[in-house]
1. Looking at region 146-161 only, could you name the residues that are crowded, with 24+ Cβ neighbours inside 10 Å and either away from ligand 2 (no atom under 16 Å from the Cβ) or hydroxyl-bearing (Ser, Thr, Tyr) (or both)?
2. Which residue out of 55, 96 is within 16 Å of ligand 2 (Cβ to nearest atom) and modelled with pLDDT of 95 or more?
3. Looking only at residues that are among the β-branched types (Val, Ile, Thr) and away from ligand 2 (no atom under 16 Å from the Cβ) in region 174-194, which one is nearest to residue 8 (Cα to Cα)?
4. Is it the case, given these coordinates, that residue 197 is under 16 Å from residue 15 (Cα atoms) and within 16 Å of ligand 1 (Cβ to nearest atom)?
5. Pairs under 7 Å by beta carbon, first residue within 13 Å of residue 11 (Cβ to Cβ) and assigned to a helix (DSSP H, G or I) in region 60-76, partner within 16 Å of ligand 1 (Cβ to nearest atom) and of a type in the set (Ser, Thr, Tyr), six or more apart or different chains?
6. Name the residue that is farthest from ligand 1 (Cβ to nearest atom), counting only residues in region 15-37 that are farther than 19 Å from residue 107 by Cα and crowded, with 16+ Cβ neighbours inside 10 Å.
7. Check whether at least one residue in region 4-24 is without any contact (Cβ under 8 Å) to a residue 24 or more places away in the chain and either within 13 Å of ligand 2 (Cβ to nearest atom) or part of a loop (DSSP other than H, G, I, E, B) (or both), and report yes or no.
8. Which of (1) within 16 Å of residue 59 (Cβ to Cβ); (2) touching a residue at least 24 places away in the same chain (Cβ under 8 Å); (3) in a loop (DSSP other than H, G, I, E, B) is the odd one out, the single condition residue 166 does not satisfy?
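The values are calculated or read from the model by the stated rules, or taken from the named source; none is laboratory data. Since the structure is predicted, the reported quantities are computational estimates derived from the model, not experimental observations. Cβ sites come from the backbone with ideal geometry, for glycine too, and all protein chains shown count toward neighbours.
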Amino acid sequence: MLILQLELWLVATNTYVVAPEAGGPAVIIDAPPECFEPLTDLLATHDLTPTALLVTHGHVDHLGGAADLVARTGVAAYLHPEDDFLARRPEDQLRVLMGTVPPGDYRPPETYRELSDGQVLDLAGLRLGVVATPGHTPGHCCFYLAEEGVFFSGDHLLAGSIGRTDLPGADQQTLMTSMRDKILPLDDGVTVMPGHGPSTTVGRERRSNPFLIGL
Ligand SMILES: [Zn+2]
Ligand SMILES: [Zn+2]
């Protein structure tokens, strides 16, 4: 198993490349703006061919590079349809996040395949479970490699923190319900790879994340 990570764009979003091994197909998780060149360099270093782009949620820092990546590599993009309203209006998000729209192309892909809770995606020789975790956004999804015990948590769960719930479409109570029902049942040893910041484990977060205490 190969899990490669890049921290990209203005808000240091993690993008992941996952593959059974070097020299074969790979899945990309999240596409920050301007991700094409750094991702292509990383893929080439490991002789990987991307086959799919899984997008955790419709925020521009995770999706803003997707149209360009899809157009130039031909990968199929996957997004939960409940985040379509965010994906279609990246400029609105940038104004809320930064108070301005930095020059760039932030469009979502013209088309994408729809994610749904409980789906199992067989992609690039990987079995990825789709775990819908609404709260940070209505269509937020995490991706779970159950056999390897690796959980890509997007902006739902971060090391020592949780995703923001002060942005349009977010809801803290919904996020906490998702956390209790979808994350806390996972084993302590599961590795959590978030959309920002360092990786962690379910056990470490269960014990020390102040937002999870009492859930
Ligand atoms: Zn987000
Ligand atoms: Zn983010």
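1. If the condition is that a residue be crowded, with 24+ Cβ neighbours inside 10 Å and either away from ligand 2 (no atom under 16 Å from the Cβ) or hydroxyl-bearing (Ser, Thr, Tyr) (or both), then 151, 153 are the ones that fit.
2. Values: 96 fails: modelled with pLDDT of 95 or more.
Answer to the selection: 55.
3. The extreme case among them is 191.
4. Criteria met by residue 197.
5. 60/106; 61/13; 62/13; 62/56
6. So, considering only residues that are farther than 19 Å from residue 107 by Cα and crowded, with 16+ Cβ neighbours inside 10 Å, the one farthest from ligand 1 (Cβ to nearest atom) is 25.
7. Looking for residues that are without any contact (Cβ under 8 Å) to a residue 24 or more places away in the chain and either within 13 Å of ligand 2 (Cβ to nearest atom) or part of a loop (DSSP other than H, G, I, E, B) (or both), one finds at least one in region 4-24, hence yes.
8. Answer for residue 166: the failing condition is (2).
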